[in-house]
Amino acid sequence: MTQTTTRVTRRGFIKLVYGLFGALGLGAFAAPALAYFWPAKLEEVPSEPVPVGPAGELKVGDSRTISYGRYPALVLNTPAGMRAYLAVCTHFACLVKYDGVKDEIVCPCHAGFFRSDDGSVISGPPPKALKPVPWFTKDDILYIGGEA
Ligand code: FES
């Protein structure tokens, strides 16, 4: 029985190290490109209700933007009552804000204006209304999404 040994030369070792660094460098460039083409699957809308805060905390004219799945949601207390919409403009997806003084939802990017009571377009380039989000209160907590 013969035993063979493999010796790694200095040149071979350096080639191996260069190869490893090359593979790591390639991976560092390839990973973001792959993530761009195959993004992580984010939940479009949460399957569970999302708490906003104590019911009654939002006074008429107040609003709050909260995280809601892939997109934030805008929860507002209008003179017509509580409303909630996805806070994403239907034009080019800028975040919209509630102007409680004028009782309008405003998109600052291209001067888009939406009605606060139903999310429909008042003026500007947005092609359609804001998407409404269901809301409810339970045990004095305001929730959006999900089922009551
Ligand atoms: S992105 Fe809102 S008006 Fe253009």
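Looking only at region 19-33, decide whether some residue is among the aliphatic types (A, V, I, L, M), surrounded by 10 or more Cβ atoms within 10 Å (Cβ to Cβ) and under 30 Å from Asp117 (Cβ atoms).
There is no residue in region 19-33 that is among the aliphatic types (A, V, I, L, M), surrounded by 10 or more Cβ atoms within 10 Å (Cβ to Cβ) and under 30 Å from Asp117 (Cβ atoms).
Restricting to region 117-148, name every residue that is in contact (Cβ under 8 Å) with a residue 40 or more places away in the chain and within 16 Å of the ligand (Cβ to nearest atom).
Scanning region 117-148 gives Leu130, Lys131.
Scan the strands (runs of 3 or more DSSP E) fully inside region 8-82 and keep the ones with 1 or more residues being farther than 30 Å from Val101 by Cα. Steps first, please.
On the way: elements: 50-54, 63-68, 71-78.
Per the criteria, no element qualifies.
Answer yes or no: is there a residue in region 61-69 that is within 16 Å of the ligand (Cβ to nearest atom), among the polar types (S, T, N, Q) and either farther than 22 Å from Leu142 by Cα or at pLDDT below 95 (or both). Walk me through how you get there before you give the answer.
Taking region 61-69 first, the residues within 16 Å of the ligand (Cβ to nearest atom) are 65.
Checking which are among the polar types (S, T, N, Q) leaves us with 65.
Then keep just the ones that are either farther than 22 Å from Leu142 by Cα or at pLDDT below 95 (or both); that gives none.
No; the residues of region 61-69 include none that is within 16 Å of the ligand (Cβ to nearest atom), among the polar types (S, T, N, Q) and either farther than 22 Å from Leu142 by Cα or at pLDDT below 95 (or both).
What residue, among those in region 96-111 that are within 11 Å of the ligand (Cβ to nearest atom) and outside any strand (DSSP E or B), is nearest to the chain's Cα centre (by Cα)?
Of everything passing the filter in region 96-111, Val96 is nearest to the chain's Cα centre (by Cα).
The values are calculated or read from the model by the stated rules, or taken from the named source; none is laboratory data. Only a predicted model underlies this, so the values are computations on that prediction, with no experimental measurement involved. With ideal geometry, Cβ positions are generated from the backbone for all residues, glycine too; neighbour counts draw on all protein chains shown.
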